[in-house]
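Quick notes on the structure that follows.
Throughout, read-outs are computed from the coordinates displayed, never taken from laboratory work. The model shown is predicted, which means the values in this text are computed figures rather than measured ones. Cβ placement follows ideal geometry from the backbone for every residue including glycine, while neighbour counts extend to all protein chains displayed.
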Amino acid sequence: MPTIPNEQLKNIIKDVAIYLRKSRGVEEDLQKHRTALEELCKVKGWRYTEYSEIGTSDSIDLRPKMLQLLKDVENEMYDAVVIIDIDRLSRGDGEEQARIKNILRRSGTLIVTPNKIYDLEDDSDDMYSDFEGFIARAEYKQIKKRLKRGKKQGARRGDWTNGTPPFPYVYQEWYDEKTRELFKNEKGLVINKDNYDTYRFLLEKVIVGRLTPNELAWELNRKAILSPRGGRWHGATIQRILVDETHLGKIISNKSAGDGHAIKRSKDSKDLVYFHKDEWIVVENCHEAVKTQEEHDKVILFFGRETKTPRRKGTNIYPLSGLMKCSRCGHTLVINYRADRTSKEYVKPCWYQDAIGTKCGNSGSDSSIVHEQIMIQLDMYREALEKALNDDGGENDSVLRDIKMILTEIAKLEKKIIRIDELVEDEYYTLPEAKKRKADLKTLLDEAETKLNLYQLKLNDNAKMTNTERISIIDKFKEAITQENLTPKEINKLYKSIISHIVWDRKKDDYLVEVNFL
Ligand SMILES: [Zn+2]
């Protein structure tokens, strides 16, 4: 089989859609296929957007992602659809298959599999016989298509359409020797070298140094490095930059719509709505990445713990600040000092009220019981670590158990989704009923997958730190905490060096204090 040289392929194909479908059968197929197709796109330098779904049904109406893909293909968003094999689109010779193929043919969209390229516009079965001709025709068609496409939704094809490029990126610029004009390409992002050094400095300070966004801002301001707007840095800006997924080389759009300002910019503005993750448009491989996925995960883990509670200006830091989580609603509890003459530290009752004003109801307490429990549970934890050292391994058991449970749940949900297709075939469900039911299950599935993701991050993180290292950190902590004259802020920082969060519950005299160590 002839292969198309990479250089020529680059001209023919630039933007592709990856379509993945998981049906009954081998569990790990979807992931394996995804990896293979993503790899293909990366090697060829294509920008890609993924459409993936679960289901056995050949009915397009029961495959929302296929519907979306066909709409986008009709709008000439892509040069090719990448699939693991051509049967993925639709099995059999039915009407549905013809509908899919017609749309691909009319829009001049190629089908790419890891070992073959299909051009549905080409009548000859043996398209490779006239290979040169194929290249030339395909190239011409795609260029024509791309010109038209430029006027349609830019985001769909991975252009930068969100305004000022995020630090450390800037717009691509070039200088025209003849006219002596400077041009700016407002669609392409490139890395600014100076900004890049600052960005990497920040990233490493978070990952290795575990500095908070505010501490980072102080460092940069001390070094007299200017913010992207030419002024002083603020913690919030830095955090926003560091968690941004644009820096992984992708462009995400369609996260929200409408106007979020308290005073609407125009009276016709719609309220701000956030879209479900399923509806985001993610185009990968758009520009050079400045962090790895692994680094990104670490930053998310760190900030997820460190800064979930927006710290108001001038708010004091107490020993337990930012560490206490309500066991009933998951919100971070507020710590304060009593206004009376004891001025003791205490955990405030949970402040959370739901949308209709029902209070969470978890009570507060003096904090002494928490401090006591931290030391007791730390000793137990250290003992368990020592024991695990001798038993070798075993430290990931609980996370692995969680992962196993969530995987079982995911498998169950996926089976249910697939079962719906069968129930439609048996005319037990009508199409609208099936769609509604599928959407509900998808929400549950999404939640389960988010959880799985977190567990996996935790597992990776565990693997990075050995029990020996943990024990040595605990011993250092124990020594440091006995120092005299520690400020509340210093105690807080020490706690945060070993504790992820503390789950709190109190109902009259029943207390629950569950210390989760890092
Ligand atoms: Zn609560």
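Summary table
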read-out	value
Long-range amide H partners of residue 52 with built H, under 5 Å	20
Highest average packing first - 106-114, 365-373, Cβ atoms within 10 Å	106-114, 365-373
Distance violations [Cα-Cα > 18 Å] among 412/451; 101/442; 325/478; 42/458; 404/458; 415/436	101/442; 325/478; 42/458
3J(HN,Hα) from dihedral phi, region 221-226, Karplus parametrisation 6.51/-1.76/1.60, rounded to Hz, x for glycine, proline	5, 4, 7, 6, 8, 7
³J(HN,Hα), Karplus 6.51/-1.76/1.60, whole Hz, each residue of region 498-510, x for Gly, Pro	10, 10, 7, 6, 10, 7, 10, 8, 9, 10, 6, 9, 8
Whole-Å distance, taken between Cα centres, linking region 177-219 and region 416-446	47 Å
Karplus (6.51, -1.76, 1.60) ³J(HN,Hα), θ = phi - 60°, over region 428-433, in Hz, Gly and Pro reported as x	7, 10, 8, 4, x, 4
